[in-house]
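Asker: I have a structure here, written as structure tokens, and I will follow up with some questions on it.
The values are calculated or read from the model by the stated rules, or taken from the named source; none is laboratory data. Owing to the predicted nature of the structure, the values given are computational and were not obtained by experimental measurement. Using ideal geometry, Cβ is built from the backbone for each residue, glycine included, and neighbour counts are taken over all protein chains shown. All accessible areas refer to the heavy atoms of the entire protein, side chains included, with ligands and DNA or RNA removed. Shrake-Rupley method; radii C 1.70, N 1.55, O 1.52, S 1.80 Å.
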Amino acid sequence: MRDVVHIISELTNAELIDSLEQNHLDVGIVRVPLSRRSDIRNITVERDHFVVALPVRHRLAAKEGVSLDDLRDEPFIDYTTSGLPGLHALTSILFEEAKFSPRVTQEAVQVQTVLFLVESGFGWALVPSSSSKRAGSGVRFRPLVPAALRPAIGLAVAGVQFDVRRGHGATLLRTGGIARALTRTDLR
């Protein structure tokens, strides 16, 4: 039996992909869709969509659903292109489809930081709906309307070696099973 060492580190998606491709890591949890082409393999363990995150006292915080046009002139908190290029790209596509550019006043790498900025009153943001389970009481989450504007996002367990017939990917498969179990109990 081989020894297995678990080292848990927090990296951006881009850093994770690079580390996996360079064989510095065996397994990582990444946000999908990936922001660039890669040979890494992944198993999606959570499917998600964007919701609008608003400060609790925002004029639209009680509204059933919020459109991008409702927030056209409001300060927007975006994801950095370097830290979360996939989420940044998806929000950019949404604004392109809505035919306007948001008034970006803050950028952050981590979703939790984006939520902190929203709670602090710096603006509104588009965040994965699963993040609502871990947000402070000063943030309200509203569905993005129309529903057609909700691109599929999620989390995946990823690794380079993933050929079960050749004995590869056992760690990836086990980690995927653990992650699926966690998403069923903790994130939904």
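Asker: Against the condition hydrophobic (A, V, I, L, M, F, W, C), farther than 30 Å from residue 143 by Cα and without any contact (Cβ under 8 Å) to a residue 40 or more places away in the chain, how does residue 40 come out, does it pass?
Answerer: On the way: hydrophobic (A, V, I, L, M, F, W, C): yes; farther than 30 Å from residue 143 by Cα: yes; without any contact (Cβ under 8 Å) to a residue 40 or more places away in the chain: no.
Against the criterion (hydrophobic (A, V, I, L, M, F, W, C), farther than 30 Å from residue 143 by Cα and without any contact (Cβ under 8 Å) to a residue 40 or more places away in the chain), residue 40 does not qualify.
Asker: Quick one: would you say residue 91 is of a type in the set (S, T, N, Q), within 17 Å of residue 33 (Cα to Cα) and crowded, with 16+ Cβ neighbours inside 10 Å?
Answerer: Working: of a type in the set (S, T, N, Q): yes; within 17 Å of residue 33 (Cα to Cα): yes; crowded, with 16+ Cβ neighbours inside 10 Å: yes.
For residue 91, the condition - of a type in the set (S, T, N, Q), within 17 Å of residue 33 (Cα to Cα) and crowded, with 16+ Cβ neighbours inside 10 Å - is met.
Asker: Determine the pairs where a residue that is aromatic (Phe, Trp, Tyr), located within the range 62-84, has a partner that is open to solvent by 80 Å² or more (accessible area, probe 1.4 Å) with Cβ atoms under 7 Å apart, the partner being 6 or more residues away or on another chain.
Answerer: 76/103; 79/107
Asker: Looking at the range 45-58, is at least one residue buried (at least 21 other Cβ atoms within 10 Å of the Cβ), more than 20 Å from residue 144 (Cα to Cα) and not hydroxyl-bearing (Ser, Thr, Tyr)?
Answerer: yes
Asker: If I filter the range 57-80 for residues that are within 19 Å of residue 14 (Cα to Cα) and not β-branched (Val, Ile, Thr), do I get at least one hit?
Answerer: yes
Asker: OK, next. Can you confirm whether residue 105 is surrounded by fewer than 16 Cβ atoms within 10 Å (Cβ to Cβ), at pLDDT below 90, touching a strand residue (DSSP E or B) at 6+ places or on another chain (Cβ under 9 Å) and among the polar types (S, T, N, Q)?
Answerer: Details: surrounded by fewer than 16 Cβ atoms within 10 Å (Cβ to Cβ): yes; at pLDDT below 90: no; touching a strand residue (DSSP E or B) at 6+ places or on another chain (Cβ under 9 Å): yes; among the polar types (S, T, N, Q): yes.
No.
Asker: If you don't mind, there's one more thing I want to ask. For the range 13-30, enumerate the residues that are over 14 Å from residue 155 (Cβ atoms) and polar (S, T, N, Q).
Answerer: 19, 22, 23
Asker: Hey, residue 98 hits all of (1) open to solvent by less than 60 Å² (accessible area, probe 1.4 Å); (2) touching a strand residue (DSSP E or B) at 6+ places or on another chain (Cβ under 9 Å) but one; which does it fall short on?
Answerer: Single failed check for residue 98: (2).
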